[in-house]
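Report on the structure given below.
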Amino acid sequence: MDDCFIRNRISELRIQKNVSERSMSIDLGHSPSYIHSIVSGKALPSMAEFLYICKYFKISPKDFFDDGTSNPALMHAVVNDLKSLNENQIVNIHEIIKGLKK
């Protein structure tokens, strides 16, 4: 993982959320060009700001760095929903998933 991954991941997640760089910057409490400065390589967020960006996308830092998941916010929501089900319901969902993968 490198700076390029962080910049690209922020862009990818921002596009999935269908929000502009300007809107995201303002939502995070920064100048309108804040996100552009990150994704263009002019700056990197501090650790505190990175955690706030993860919160903005409703994902964990682990989700952010999981490059095998193309839509971590959706995956995070699905896993949270699964946690509220009983074991039998989870088994049923797993069988459905296995059927869809065929």
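Where a number appears in this text, it was derived from the coordinates with a stated rule and is not lab data. Given the structure is predicted, the values throughout are model-derived calculations rather than measurements. Cβ atoms come from the backbone with ideal geometry, glycine included; neighbour counts cover every protein chain shown.
Which of the residues belonging to the stretch 10-33 are hydroxyl-bearing (Ser, Thr, Tyr), assigned to a loop (DSSP other than H, G, I, E, B) and within 23 Å of Leu74 (Cα to Cα)?
Restricting attention to the stretch 10-33, the residues satisfying the condition of being hydroxyl-bearing (Ser, Thr, Tyr) are 11, 20, 23, 25, 31, 33.
Filter once more, keeping what is assigned to a loop (DSSP other than H, G, I, E, B): 20, 31, 33.
Residue satisfying the conditions is Ser20 alone.
Rundown of residues vs (1) touching a residue at least 24 places away in the same chain (Cβ under 8 Å); (2) out of contact with any Leu (no Cβ under 8 Å at 6 or more places or on another chain), yes/no style:
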residue	(1), (2)
Ile35	yes, no
Val39	yes, yes
Leu44	yes, yes
Ala48	no, yes
Gly68	no, yes
Leu85	no, yes
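Given the criterion touching a helix residue (DSSP H, G or I) at 6+ places or on another chain (Cβ under 9 Å) and aliphatic (A, V, I, L, M), identify the matching residue among Ile15, Ile59.
Numbers: Ile15 fails: touching a helix residue (DSSP H, G or I) at 6+ places or on another chain (Cβ under 9 Å).
Within the list Ile15, Ile59, the selection yields Ile59.
Filter the stretch 67-93 for residues that are of a type in the set (D, E, K, R) and closer than 19 Å to Ile6 by Cα and give the result.
Taking the stretch 67-93 and keeping what is of a type in the set (D, E, K, R), we get 67, 81, 83, 87.
Of everything in the stretch 67-93, just one residue is of a type in the set (D, E, K, R) and closer than 19 Å to Ile6 by Cα, namely Asp67.
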Residue that is of a type in the set (Phe, Trp, Tyr), out of contact with any helix residue (DSSP H, G or I) (no Cβ under 6 Å at 6 or more places or on another chain) and closer than 25 Å to Asp2 by Cβ, where the choices are Phe50, Phe64: Phe50
